[in-house]
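Q: Here it is: the structure, laid out below.
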Amino acid sequence: MTDPTVPPSVTPPSPPPALATRLADGEWHRLHPATPLLRGGIALIAILGVILSNLREKLFGLVAGGPVDDNGDPVDFIVNGGYVPLALLAIAVVLIVIVAMFYFSWRVHTFRITDELVEVRSGLIIRTNRKGRLDRIQGINIVRPFFARLFGAARLEIDVAGHDANVRLDYLSSSNADGLRLDILRLASGTRRREAAATADTRGLVDQRVSELIAPELDPHAVPPESVVKLHTGRLIGSIVLHDTTLFFLIVIIGAAVVSAATGHFFAAFFVLPFLFGLGSFITRRFTKSLRYTIAGTPDGVRVGFGLLTLSNETLPPGRIHSIQVRQPLLWRLPGWWEIRVNRASKSSAKGAEGQRNTTILPVGNLDDVIRVLALVIPGLVDENSANALRSGIVSTGDDGGFINSPRRAAIVRWFSWRRNGFAFLPGVVLLRTGAIWRDLTIVPEPRVQSIALRQGPIYRRLHLAHLDLHTVVGPIRAELGAVDRDVALRFFSEVSLQVVQSVNSDATHQWRSNEAVT
């Protein structure tokens, strides 16, 4: 039966999806009640524990009525002088003041989510106000430290483009953190707000805490049930052993051992200690940060999760990745392993797989894993033809995959890699391929290119060569290509400049859900 109030040729617009929580209603809200304890109280408890541990003999003597050793320290003065009640009263007053400061600091630490920004007010004595615009959000990361999970809490960090522009909410309840991330992403995508749906968790408190302790994601429908990449423990251990960093540390350690054995002096052992600590730190950090690794696609971008005790999962919205690099350390060539890094316009405080600031989105994987991750990171890039071109660009040399390489005369400055050094185009992206020993492929989405540079030094001028730079946001990846034929570089400069302008004008990834808004 049709509605007589609606003309037959007009379809009523569908309402936008309901917000997942009531925290994105534009009103001010407070953080999790356990926030004061998680942010400073645990450290206070640890300090008190150390003090009590050091004073256990004196306390035992006071309680049991036995003798108390007199070493001339302030504690002995207080005990022998009969000032114990006053000291206990002073300690109680100090504790009460500290607890009160934590409480009032929590009371004044509030946040709100509007259609345009995330705003946080904090500070008991020195007031601060921090804002992050929704249209500049580069990703949202949820970190669940082990102790926070015991209280059912999580830290929500909103990565905003710019230096030191991130907005943190630590801490929220775990369910609110997941729901609020979904709300912020929907608002940032162009979806207009609708009243939050009322939901209730009927599980018992124990069941909730167990689920929060073992599950990196509380909403089973937020991501597909299976990660597109399975990171096996054996492969992870092998990648650490064969990594360039491990090789460097081992060479230094072996060199120091040889010098000590040859000279009979062990002074070199003292210089190698920092390298031993560095090697242990690198191995531990990379191993623990890569355990339970998952990567999957969601309607709001790519979800990357990792961690053993501290769980972290971050959503990277569409269009927020400015360049991608597929690289292969030297000793990974035999097993055929690769890693993927990205440049983003913000810096997350959550450490990634190697301890760096979340730039590695695939710690280690084979070529099939790389193609699957690239299909998530740049939707629409990988069809059957593009996948073949990417495979050729990653592993081959010459003009396979449509690459234009350096001329033979470039061998003077690119001894081994001139056959592989080149560029190619796929719809919407530019591919830059370099390296014959340490191989890598850099992928730059055209809408993310900020400028293009072409330069020549005296040697390049004599060789009729040029150097190309595609400028994106600052990060571990530099999108550049040297030893390109000068005439080819000039055509590249002109063609890419035109393509970038057209791609920027047609790019709509900043509002990936705008078609869900009410019109």
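What follows draws every value from the coordinates through simple rules; no lab data is involved. Computed from a predicted structure; not experimentally measured. Reconstructed Cβ throughout: ideal geometry from the backbone, glycine too, with neighbour counts over all protein chains shown.
Q: Please give me, ordered by residue number, the chymotrypsin sites (Phe, Trp or Tyr not before Pro) of region 393-443 that lie in loop per DSSP and have at most 13 other Cβ atoms within 10 Å.
A: Trp415, Phe416
Q: Let me ask something else about it. Using only the Cα atoms of region 318-511, build the gyration tensor, take square roots of its eigenvalues as a ≥ b ≥ c, and label the shape rounded, prolate or oblate: rounded if a/c is under 1.5, else prolate if a/b is larger than b/c, else oblate.
A: Judged from the Cα gyration tensor, region 318-511 comes out oblate (a/c at least 1.5, b/c at or above a/b).
Q: How would region 389-466 be classified by its alpha-carbon gyration tensor: rounded, prolate or oblate, with rounded meaning a/c under 1.5 and the a/b versus b/c comparison settling the rest?
A: It comes out oblate by the Cα gyration axes.
Q: Another question, then. Full-extension gain between Ser506 and Ile437, please, as 0.36 nm times their residue separation minus the C-alpha to C-alpha distance.
A: Between Ser506 and Ile437, full extension yields 21.0 nm more.
Q: Distance in nm between label sites at Leu490 and Asn388, each 7 Å beyond Cα in the beta-carbon direction?
A: Simple spin-label model gives 3.4 nm for this pair.
Q: Relative contact order of region 400-519: what whole-number percent is it, with Cα pairs under 8 angstrom and at least 6 residues apart?
A: Contact order relative to length: 21 percent.
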